[in-house]
1. Hey, any idea what Rg/Rh is for segment 198-255, computing Rh the Kirkwood way over Cα pairs?
2. Regarding segment 159-291, what whole-number volume in Å³ per residue does the convex hull of its Cα atoms give?
3. Among Thr128, Thr255, Thr335, which one shows the highest mean-square fluctuation when the chain is modelled as a Gaussian network with alpha-carbon springs under 10 Å?
4. Say R0 is 30 Å: what FRET efficiency, to the nearest 0.05, do Asp16 and Glu223 get from their beta-carbon distance?
5. If I compute solvent accessible area with a 1.4 Å probe over the protein chains, what percent of it on the chain is carbon and sulfur?
6. How long is segment 310-361 along each principal axis, judged by its Cα atoms, biggest number first, in Å?
7. Cα extents of segment 277-363 along the three principal axes, largest first, in whole Å?
8. Check the chain and count each lysine pair with an alpha-carbon distance under 30 angstrom, considering only pairs eight or more places apart or from different chains.
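The values are calculated or read from the model by the stated rules, or taken from the named source; none is laboratory data. Keep in mind the model is a prediction, meaning the values are calculated, not measured. Cβ: placed from backbone, ideal geometry, glycine included. Neighbour counts: every protein chain shown. Each accessible area value is taken on the protein alone, full model and side chains, heavy atoms only, with ligands, DNA and RNA left out. Shrake-Rupley method; radii C 1.70, N 1.55, O 1.52, S 1.80 Å.
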Amino acid sequence: MTVTFDAFTANLNYNDIPQDVLTILRRSFTDTMGVAAVGSTTSMSEIARNAAVALFGVGTAGGSRILMDGRTVSPAGAAMAGAFLVDSIDAHDGVTPCQGHAGSAVFPALIAMAQAQGTPMSGKEFATVLAIAYEICYRAGEAQHATCNDYHTSGAWTAVGIAAAGARMLGGDEDIIRHAAGIGEYHGPRSQMMRCIDFPTNVRDGVGWGAPSGVTAAFLASEGFTGAPALTCEGPGSETFWQDLGQGWRIVDYTHYKAYPCCRWSHSAVDSVAHMMGEHALTHDMIETVEIRTFHYATRLAGHEPKNLDEFSYAIAFPVAAMIVRGQVGVAELTQEALNDPDILRVSRATKLIDDDHFTKISKKKRWAEVTLILKDGRRFRDDPRTPRGDADLPLSDAEIAAKYHLLADPVIGKARANEIQDLSGRFDSLSAQELSGLFSLCTDGA
C-alpha cells in the first residue's frame, strides 16, 4: 500500500528504520563532519559564516551554532553557513540518479534545528528525522529531474526534504508537513547546475540556499503559512517515485561516497589512471597524452588549468593529472601550490576529453568513462570502461571512509577531537539527548 509522504514523515518511528539505512546515516554523519572540518578552512566558508553572523541574528526560534565555527545565529543562518561550508569542498556524500547531494544540506540544517529545540533530542529521534529528510530529498530529486527540463542544483530538492523533516521536528501534523514541503519547494533555489560547471564560482550546488529555505519553510508552516502541494511529492508525473515509500529505501540504493575531493563525474577517470599507472609501473614523465571518453556533461567540466578551488572542484583533466603525477587527489592537491605544479599542468594540458554518445546514453544511474594513456615511446594503454568507486555496488570500505575522514579532519581539528566525533557519530542513534548535544558541540566548536 502506498504511503503518502506527509503520513510517512509524521508517523515514522525509529524502530521502523532498517539497519542498513541506519548504517548509511552513521557513515554519512562521520563523512560529512570530515568534509566540514576541512571546509572550515576555505575562504568561501569564511565569507558565508561571516554573512550569517551579520544577517541571521538569534530570534525567538532559538539559537544554533555554526558548524566548525562556534558562533551562534538563527537556525536558518546556521543552516546556510553550514551548507556552504560543507559544499566548499566537493567530497561529501551524493546520489547519482538525482545528480547531486543531500547530506551537505541535511546535516547542517537539521543539526541547526535540533540545537534550537527547547527539549534536546535523543539519538533515535535525530536518526528518524535524518532518515525522513534523506528519503524525501532523494525522491523529490528524482521527480524533479523527471518532470523538469533543466538540470537544477541540489538546493532545489533538498529544500523539500528539510522542510518536511523540519516540520516534523517542530511537532507538525500531516497537514503542516504538506504545507512545509510546498513552501520549501516553491521558494527553494531553482538554480541551474551547468551554469556553475561552465562558470565555477562559490554558488556551487545550491545547498547554501536550499538548506535555509527548508528550515524557513518548516517554521513558516508551523505558524500557519500555507504552500501545498509540493509538485515533486504529489504533482502530475511524480507518482512513480513515491509508490514504495516506507518499503523500499532510496538512501540504501543510491547513496555514494567520494574517494576524492572533486566532482563525482571525474572519479571514473581518476580511478582508471590510478589503476593503469600502478599496473604498468608508469611514471608521469612517460606520459605524452591522456584521452578520456565520457558522457557529455562530464566533458563540460574540463578544467585543464584551474586557478582556484571552485575551478578545481569542477574539473576532470587536472584531478586526473594530479593522480598521474602524485598518485593521489587529496588535501594537498587543493592548495595553490598544487594548482601551480608544472608537472601536473603539463599532463593536464595534454589531456583530451572526448564526448561519447554511448556513455552519455548509459550514464543515467552510473557515470562512465574510458581512459587511454599514450606514452612518449608510442605505447598505448587503454583501461576498461569504469564507473566510480563508492557507489552502492562498488562501495568504499569502512577503513577507506575512516582514512578519508581523518585525512580531512585531523589537520584541522586535531586527532583527539576527530576521534571523539568519529566515535560518537558512528553510533549517534544510540546516544542519549545529553550525549547527542555533546556531539553537536564537538561539531560546532571553532576549528
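1. Working: Rg = 15.5 Å, Rh = 14.5 Å.
That ratio equals 1.07.
2. Values: hull volume 22.6 nm³, N = 133.
Output value, Cα hull per residue: 170 Å³.
3. Thr335
4. Numbers: r = 29 Å, r/R0 = 0.96.
Here the calculated transfer efficiency is 0.55.
5. On the way: 8470 of 16430 Å².
C and S fraction of accessible area: 52 percent.
6. Per principal axis, max minus min of the Cα coordinates gives 37, 20, 18 Å.
7. 37, 33, 19
8. Taking the Cα cut-off of 30 Å, the pair count is 25.
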